[in-house]
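Report on one structure; see the data block that follows.
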Amino acid sequence: MQIKTMAGFTLLELMIAIGIIGILTSIAIPSYTGYIAQSNRTDAKSSLLQLAQLLERNYTEAGYYNKDSTGTAFSASPPITNSPQSGTALYTLSWSLSYGTYTLTATPVTGTVQAKDSCGSFVLDNFGTKSIASGGTNATASSCWAH
C-alpha cells in the first residue's frame, strides 16, 4: 500500500506566521511614523529660520523688529503662516514682535503626524535661542533642534 502525503500548511503553522508578521508590523509602524515626524520637523525649523532672517534684515534697515523702514507696523501674523508652505500644513507659524525683540513659534497642526510628535512646538527668539514648548517627557530642545 502506498501512503499519500498532503502538501500545504497546517493551521498551527499559518497562525505562527501571522503572529510573526503581526509582531514585525507592531515594531515597524511606530518606527516609521517616528522617522516621518522627525523629517517633517525640518520644515518647521527652516520656516522659523527664514522668518528670523526676514526680521534681522528688517532690523538692519529699519532699526525695529516690529516696523518696516517706512515706520509701518507689521501685521499680527507673519508672511509665512504654514509650514511647509505648499501642500498640507503640518505647523502653524506665529510671531510676537516688539521694538527690540521677537519670538517665533511653530505649533503642530491638530490631526497631523506632527501633533503626536514628542517635540511639540518649536520656539526661536531674537537672541537665537532655540527651545521647545509643550514637548513630550523625553524631548529636549537640543535633541529636537539637532535633527
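Laboratory data are not the source of any read-out in this text; all were calculated from the coordinates shown. These figures come from a predicted structure and were not determined experimentally. Cβ coordinates were reconstructed from backbone atoms using ideal geometry, including for glycine residues, and neighbour counts include every protein chain displayed.
Over the residues of the chain, the helix contribution to mean residue ellipticity at 222 nm works out to -14000 deg cm²/dmol, using -39500 (n - 2.57) for each DSSP H run of at least 4.
In this simple spin-label model, placing a label point 7 Å from the Cα along the Cα-to-Cβ direction at both Tyr32 and Asn138 gives a separation of 2.0 nm.
Against the main long axis of the alpha-carbon atoms of the chain, helix 11-62 sits at an angle near 10°. For Lys45, no aspartates and glutamates have a Cα falling under 12 Å of its own Cα, not counting residues fewer than eight places away in the same chain. Taking a point 7 Å from the Cα of Ser98 along the Cα-to-Cβ direction, the residues of region 58-81 with backbone N closer than 15 Å to it are 64-67. Here the contact order of the chain, divided by its residue count and restricted to Cα pairs under 8 Å and six or more residues apart, works out to 16 percent.
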